[in-house]
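Asker: Below: one structure in C-alpha cells.
The values are calculated or read from the model by the stated rules, or taken from the named source; none is laboratory data. Small disclaimer: the values here were computed from a predicted structure and weren't measured. Because the Cβ atoms are built from the backbone with ideal geometry, glycine has one as well, and the counts that use them run over all protein chains shown.
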Amino acid sequence: MIQVDSLNRSFGMTYALTNVSFQVAPGEIVGLLGPNGAGKTTAMRILTGTLAPTSGTVLVAGHDVSAEPLAVRRRLGFMPEHVPLYPENRVHEFLYFVARLKGVPAGQREEQLNGIEELTGLTEVRGRLVGHLSKGFRQRVGLAQALIGDPDLLILDEPSAGLDPQQNVEIRDLIRSFRGKKTVLLSSHILSEVSLTCERVLILNRGRLVAEEKPELLASRSSARHQIVLRWDGNRDEVRRALAAVGGVLEVVATPAGADVSLRSQPERWRPLLAEAVRQAGGQLQGMADRAISLEDLFLRLTGKSDTGARQPDRRVPSTAEGEET
C-alpha cells in the first residue's frame, strides 16, 4: 500500500528527511514515532500529496505522490494533528459537507455518516456546534472526517491527543478493528500507546529512520535492564537493603513512595522474590508494577552515538545532485 524509497526533503539548507525508506503492507497498522522535529509531520504531508519530496520515490496504492497527487488523495483519509474545523457548523452538518467534497453519492451520505458517527462516538453530539465541543470530541470529528468515503488508507497524526482515558481506549479499539481491512499509518510520540495499537513501529530521529521493529521486540532489545516500581509500608532502609540483596537486582533507587528496582532480565521470575524480600524485612507490600520504557530512553539508546559529539549527523543540504532538486 505504501512504498517509500530513498526519500529526502529539505527546507532551505536543512534536511527534514534524509534517505528514508520503508514499506507498509495492505491491511497493516504501523506506528510512526519520533520526538518533536524528527520529521513525522513532513513525512505524512508528503504521503498525502500536500508536500513534494526533494528526491526519492513515494508510491501510495501504486500511484506516485508527485505525479498523481489527486489519485493518491482519493485512496486515503487524513487526520492532521490540528484538524481544520468550522466552529460555526454543527457536527453532522460539517461531516455532510466533507462527504460532498469527497464525492460520496447523495443517496449514500446519510447512511454512511450515521455509521461513522456511531463508530466514532459522535451520535450524541451530532447536532451540537463544533466550536462548543471539547478537545476530545473535536479529535473524534477529525477521525470521522478521515473515514468518510471508506478510504483504503488512513493516515492519522496524533489521533489520541486530547482524549480522556476512556475515549483513548475506544479510539484505540476502533483503530485496531481496521486491521486486515484498512491500512493505517499513525504518528505519535508515546511508545506505550503505539505498542497497544500497531503491529510494527518506525522510529524517526533527526529526519532519519533509526529503527523498524515490532513494538514488543523494540522495547525488549532497547535495554538489558527491566524496571519494577514497588510501594510498601514499613521501614524504608531495611526493605531497600533486602531488595538489593535479591539475585538479579542491579540497582534499587529510592522514591518518595518506595523504590525503583532495576533487573538484569525479564521481571516475571523476580516478582515473587521481591515480594518475599519486602515481607521478610518487615514491610507490607502495597503495590508492584512494571515501569514502561519511555520514548526518551529508547531514543537515547538507539541514537546515543549520533546525538552527541562530532558524529552528529549533518542535516545541511549537501552540494550533490541529491540536494539540487529542491
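Asker: Suppose the filter is of a type in the set (Asp, Glu) and surrounded by 14 or more Cβ atoms within 10 Å (Cβ to Cβ); does Glu93 pass it?
Answerer: So Glu93 fits the description; yes.
Asker: Taking the condition among the aliphatic types (A, V, I, L, M) and over 21 Å from Arg45 (Cβ atoms), does Leu174 pass?
Answerer: It is true that Leu174 is among the aliphatic types (A, V, I, L, M) and over 21 Å from Arg45 (Cβ atoms).
Asker: Inside region 99-122, can you point out the residues that are surrounded by 14 or more Cβ atoms within 10 Å (Cβ to Cβ) and closer than 21 Å to Leu163 by Cβ?
Answerer: Passing the criteria: Ile116, Glu117, Leu119, Thr120, Gly121, Leu122.
Asker: On to the next question. Give all pairs with beta carbons closer than 8 Å in which a residue from region 74-94 that is touching a residue at least 24 places away in the same chain (Cβ under 8 Å) and under 22 Å from Leu186 (Cβ atoms) meets a residue that is in a loop (DSSP other than H, G, I, E, B) and β-branched (Val, Ile, Thr); count only pairs at least 6 apart in sequence or on separate chains.
Answerer: Leu76/Thr48; Gly77/Ile148; Phe78/Thr48
Asker: In addition: Could you list, in sequence order, all residues of region 179-196 that are in a loop (DSSP other than H, G, I, E, B), surrounded by 16 or more Cβ atoms within 10 Å (Cβ to Cβ) and modelled with pLDDT of 90 or more?
Answerer: Selection gives Lys182 alone.
Asker: Looking only at residues in region 229-243 that are touching a residue at least 12 places away in the same chain (Cβ under 8 Å) and either of a type in the set (Phe, Trp, Tyr) or in a helix (DSSP H, G or I) (or both), which one is farthest from Ala281 (Cα to Cα)?
Answerer: Trp232
Asker: Scanning for something under 20 Å from the mean Cα position of the chain (by Cα), among the hydroxyl-bearing types (Ser, Thr, Tyr) and within 18 Å of Arg90 (Cβ to Cβ), does region 109-130 turn up at least one residue?
Answerer: Yes, the conditions are met somewhere in region 109-130.
Asker: Out of region 213-233, which residues are modelled with pLDDT of 75 or more and exposed (fewer than 15 other Cβ atoms within 10 Å of the Cβ)?
Answerer: Lys214, Asp233
Asker: May I ask you to verify whether Gln166 is modelled with pLDDT under 90, farther than 30 Å from Ala277 by Cα and either part of a helix (DSSP H, G or I) or not assigned by TED's automatic domain parsing to the domain that holds Lys40 (or both)?
Answerer: Considered against the rule, which asks whether it is modelled with pLDDT under 90, farther than 30 Å from Ala277 by Cα and either part of a helix (DSSP H, G or I) or not assigned by TED's automatic domain parsing to the domain that holds Lys40 (or both), Gln166 comes out as yes.
Asker: I need the full set of residues from region 27-42 which are modelled with pLDDT of 95 or more and either in a strand (DSSP E or B) or farther than 19 Å from Lys182 by Cα (or both), in order please.
Answerer: Listed by number, the residues that qualify are Ile29, Val30.
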